[in-house]
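What follows is one structure encoded as structure tokens, with my remarks underneath.
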Amino acid sequence: MVTTSSTLLAPPAPTSAPSPASGPGGRPHGPRRRDPADREQLLRSPVSLRRIAALFAPHRWRVGLVVVLIVTSSLVALASPFLVRTVIDDALPHADVRLLVLAVAGMVAVAAVTSLLGVVQTWVSTGVGQRVMHGLRTSVFTHVQRQSMGFFTRTRGGEITSRLTNDIGGMQSVVTSTATSLASNATTVVGTAAAMAALSWRLSLLTLVVLPPAVWLTRRVALLRRSITTAQQQRLADLQHQVEESLSVSGALLTKTLGTADAQSQRFAQTSAELVDLEVRASLAGRWRMATMNIVFAAIPALIYLAAGLPVTSGGMTVGTLVAFTALQAAIFRPLMGLLDVGVQLTASMALFSRVFEYLDLTVDIADPAHPVPLDPATTRGEVRFEHVGFTYPGGGASTRPALDDVDLVVPAGTSLALVGRTGSGKTTLASLVARLHDPGTGRVTLDGTDLRDLALADLARVVGVVSQETYLLHATVRENLRQAEPEATDAEVEDAARRAQVHDVIAALPDGYDTLVGARGHRFSGGEQQRLAIARTLLRDPRVLVLDEATSALDTTTERAVQAALDEVRRGRTTIMIAHRLSTVSGADQVAVLDAGRVVERGRPAELLAAGGAFAALSSSGTGAAVSLEGATPR
């Protein structure tokens, strides 16, 4: 009989209990409740398991390999307690050196094999997860880009970013962590339970009695901490939002011009103070959780030792069997807790897939035709026709007034049309149809006799250029911004376009010339300089049709002259449709169309319309709340 003290044979009590689950960065967070938002998402947009499985179909062999590796690793790990029993019950009492060496070598081999299998499993599963996420991320980005402008005007930019980054990033965790953890936990629990029963069915029955209350107590404490952590995350989100809102270029400008720096600081300080309180409560709840786990991990082995020492329940158990059983019992707790969270994890995972699939299932309002009509920019003349065009913005209900109503206009190739009218008359909507930012609800818009809906979008973009009032510049160099229009353009072509847009001298005076960063949203340049950069970008593409959407409305008179000179250059030889706001712009147009409530109420040459004393003359003289302010006109 072995006389070694049981104190030496008992495994050391853990200083900190293992966590049933870990958050980002390995931070333990314990069991979670189902998020009501996840349930609502799945009710609104159910997800088919077959559709999820289809994502992994191209990687079925790798997925199968991951499952084999997980099962093999879990089963191999179960050999360690039996090797420990062999050492204690056989090798040491009988001084069997050969058996001792074999058992010890087996322990090292088990550790080496499970570690190696873990590395291979991580490599394969991460590769599968990354490939699936890459496909989803690219598909969502491409599909969202194909949406009409209506989608972007009614959807918050942060929502789109969240779907592309947060949701797909969360799905990556599901694929590479949650799924493998689920398989590993299930295999470990089943295998460990079978091994425990093989070692001692009596102690296994005791574990079935003791383990459920211990799991229940641990989950209760963990759920308390989870609620605090949720509030903590909300406050962190508030803090981040305040930083982004106040310390961006636009936010800083607004704060300085309104003098609200003190108010913003107080608001930030209040949120930070609330975060301090939550941090303290979270830390305290964490300590309570750890204390509970420590008690559980000390109490269960103690009860097993007690049962093993009582004649009624010991059944002649050896010390080696006791030690091996205790090790197995400790190992089953963590995967069991993980399995209890399966429902929550599946709900959260399915909700993530639902949110991403929801975007993939969006209908593309403005899509390429199945069989596009070929369009050669070199032979395109540029005649634009609006044939009985009507358009109503969606979502306004049955009483919504049409933005356009039976508009019938012809813009001959190489000529210019000025659209004038009060705010809301339909000018911008009509011009947007030419670039196919919207499609008409009735009638059609043609280019050289071809319906725009029969042309490929990429071909149409080659021949229709747009310069709007709101110029958007990327946070890149001047050269890179200009080459957005023509990536293959040479440096000489870029500089020639800048010269024709009256902006080359401005660029040349910069510290790094064309390699100067424009800054966030182009704030390095004035409004007039940004407009001329946009014109240069358009010139580089050399479109046959040009749409000018109030390109000089927000500029002072001096800057407007420089921009207008650039616009005169870009208009030369092109079909131009411009939303005009000054007589100097309108007077150079070949024809003017006056819009009111979505209808063309007057059209003709500028001088003729002024002489007629109608709607155009009234607009030019009154300058009332219209988007137009036709200065210097002398109506009849």
Modelled label-to-label distance, Ala612 and Gln130, 7 Å Cα→beta-carbon offset: nm? 6.7
Using the per-residue mean of other Cβ atoms lying within 10 Å as a proxy for protection, in what order, highest first, do the peptides 492-504, 124-136 fall? 492-504, 124-136
When Leu539, Leu360 are ordered from fewest to most other Cβ atoms inside 10 Å of their Cβ, what list results? Leu360, Leu539
A chain fully extended from Ala298 to Met107 at 0.36 nm per residue, minus the present Cα-Cα distance, gains in nm 66.3 nm
Sort 477-487, 99-109 by the packing proxy (mean of other Cβ within 10 Å over each peptide's residues), most packed first. 477-487, 99-109
What FRET efficiency do you get for Arg381 and Asn166 if R0 is 35 Å and r is their Cβ-Cβ distance, rounded to the nearest 0.05? 0.15
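Tell me, Ile168, Ile507, Ile295 in order of fewest to most beta-carbon neighbours within 10 Å?
Ascending Cβ contact count within 10 Å gives the list Ile295, Ile168, Ile507.
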Inter-label distance for Ala261 and Ala508, nm, one decimal - labels placed 7 Å from Cα along Cα-to-Cβ: 4.0
Potential extension, Glu159-Thr363 segment - 0.36 nm per residue separation minus Cα distance: 71.7 nm
At a Förster radius of 30 Å, what calculated FRET efficiency corresponds to the Cβ-Cβ distance of Leu42 and Thr142, to the nearest 0.05? 0.75
Note the full-extension length gain between Leu236 and Glu493 as 0.36 nm times their separation in residues minus their Cα-Cα distance, in nm to one decimal. 87.6 nm
Going fewest to most other Cβ atoms within 10 Å around each Cβ, Met149, Met350 line up as Met149, Met350
Given the peptides 201-207, 304-310, arrange them by the average over their residues of other C-beta atoms within 10 Å, most packed first. 201-207, 304-310
Karplus-derived HN-Hα couplings along region 359-368 (A = 6.51, B = -1.76, C = 1.60, θ = phi - 60°), whole Hz, x at Gly and Pro: 6, 5, 8, 4, 6, 7, 5, 10, 10, 5
With R₀ set to 51 angstrom, the calculated FRET efficiency between the beta-carbons of Arg98 and Ser283, to the nearest 0.05, is 0.45
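Readers should treat all values here as calculations from the given coordinates under stated rules, not as data from a laboratory. Model, not experiment: these values are computed from the prediction. With ideal geometry, Cβ positions are generated from the backbone for all residues, glycine too; neighbour counts draw on all protein chains shown.
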